[in-house]
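All of the numbers you see were taken from the coordinates with simple rules; none came from a lab. Owing to the predicted nature of the structure, the values given are computational and were not obtained by experimental measurement. Note: ideal-geometry Cβ built from the backbone for every residue, glycine included; neighbour counts use all protein chains shown.
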Amino acid sequence: MWLGFVAIALLAALIGWDTRSIVIALLMLPATLFAFVGLHLNFPIAPQADNTLIVATWNVHDEYERLDELDHAIKRLDPDIFITQEANHRSYREALSGYECVTLEGRRIYLRRASLFPAADATSGRKQGAPLQVLSSREVNLTASWRPAHELNIQLGDRQISLLDVHLLFCPKGSRRAGLKAHPRSYLKRGVDMRRGQIADIATWAGDRDELFIIAGDFNTPPHIPALSWLRPHATDAFAARGLGCGLTFKRNRPLWRIDYIWVSPHFRVLRSGTFDSGISDHLAVWAELQLP
């Protein structure tokens, strides 16, 4: 859709054969693609070892009636860690039976039960791997939020990884329709200010960590918003680092925005990243394959 605006401007310039307008319209094309839409031309890279990890995040909007489609998508992607938002219904846990589920107020993080990184045992010849264990789970309160983030600390072999599952607020609490109708400008500004504060808190959380960490979820914020620059010194946007295309996640049928993210600490090497869909939500999911140090 964004390219449609550029095409209309270029067509109008060609019809009028105004050289200056044609040049401006042509310059709008790369500006729209790279700066506004967020086009990335990265290609996957091969892992240097077997210690890779697939992480996925999805705002599923509690669409539990179509879990068979979710099950198909998860089996196809086969993530080691699946971070969800608004997955409140118990049916999710039943559908993802191969995972251990840790729950906190709508945020559910699923961890693969099987050992990771199998390696042959020298004595028995059997495959063994690094067990994944839960160390702790707690709320992380973000600015002006009735929707706390979920911090989960896990042990993977000899490595400790902190996971932060977030769903940033789009607007103040209450009726969105009533707020937009009564005071649309101030209502939207309050929503922007709340997200700025939440992103600042997430950046502080990331800056305070020495160990490996992964931040994932629905940020309700496109990548060109200045507030995300506070997070970039501490973490890598996985899709920006290794995604191909725009990675738009919302809305699913006609995606216009990339608002769902996986951010990782600089320890990780991002190998691949992309989106996937099973028709279960109005968001597309984001995934990334990571190589541990």
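Step through the residues of the range 160-168 one at a time and calculate ³J(HN,Hα) from phi using the Karplus curve (6.51 cos²θ - 1.76 cosθ + 1.60, θ = phi - 60°), rounding each to whole Hz and writing x for Gly and Pro.
Calculated HN-Hα couplings, in order: 10, 10, 9, 10, 10, 9, 10, 9, 6 Hz.
What distance in nm separates the two pseudo spin-label positions at Ser97 and Lys251, each 7 Å out from Cα along the beta-carbon direction?
Inter-label distance under the simple model: 3.5 nm.
Below 8 Å, C-alpha to C-alpha, sequence gap of six or more: please give me the relative contact order for the range 39-291 in percent. Could the numbers behind the result be given before it?
Working: 557 pairs, mean separation 59.1, N = 253.
Taking the mean separation of contacting Cα pairs over the length of the range 39-291, I get 23 percent.
Aspartates and glutamates near Lys189 by alpha-carbon distance under 20 Å, same-chain residues fewer than 8 away left out - which ones?
Asp201, Asp218
Rounded to the nearest 0.05, what FRET efficiency is calculated for Gln155 and Thr204 with R0 set to 41 Å and r the Cβ-Cβ distance? Don't jump to the answer; show the numbers that get you there.
Details: r = 24 Å, r/R0 = 0.59.
Computed FRET efficiency for Gln155 and Thr204 comes out at 0.95.
Just to verify a number: FRET efficiency for Arg90 and Leu41, C-beta to C-beta distance, R0 = 35 Å, to 0.05? Show your work: numbers first, answer last.
Values: r = 42 Å, r/R0 = 1.21.
My answer for the efficiency is 0.25.
Could you calculate the contour length gain from Leu244 to Gln133, that is, 0.36 nm times the residue separation minus the distance between their Cα atoms, to one decimal place in nm? Don't jump to the answer; show the numbers that get you there.
Working: separation 111, 0.36 × 111 = 39.96 nm, distance 3.28 nm.
Working it through step by step, the gained length comes to 36.7 nm.
Along the Cα-to-C-beta direction of Lys189, a point sits 7 Å from the Cα; which residues of the range 218-240 have their amide N less than 20 Å from that point?
Within reach of a label on Lys189, which here means backbone N under 20 Å from a point 7 Å along Cα→Cβ, the range 218-240 contributes 225-227.
Only bridges with both residues in the range 39-291 count here: give the DSSP antiparallel percent, nearest 5. Intermediate results must be reported in sequence, preceding the final value.
Details: 53 of 66 bridges.
Among the beta bridges of the range 39-291, antiparallel pairing accounts for roughly 80 percent.
If you take every residue apart from Ile54 with its C-beta less than 12 Å away from the C-beta of Ile54, what net charge results, scoring Lys and Arg +1 and Asp and Glu -1? All intermediate terms of the calculation are to be shown ahead of the outcome.
Numbers: positive: Arg76, Arg112, Arg272; negative: Asp78, Asp80, Glu289.
With Lys, Arg at +1 and Asp, Glu at -1, the net is 0.
Mind checking the full-extension length gain between Asp50 and Phe276? Use 0.36 nm per residue of separation minus the Cα-Cα distance, one decimal, nm. All intermediate terms of the calculation are to be shown ahead of the outcome.
On the way: separation 226, 0.36 × 226 = 81.36 nm, distance 2.36 nm.
Stretched fully, the Asp50-Phe276 segment lengthens by 79.0 nm.
What is the local net charge at Glu139, summed over the other residues whose Cβ is closer than 12 Å to its Cβ (Lys, Arg +1; Asp, Glu -1)? Don't skip to the answer; put the middle values down first.
Details: positive: Arg107, Arg138, Arg147; negative: Glu105, Glu151, Asp165.
Charge balance in the 12 Å sphere: 0.
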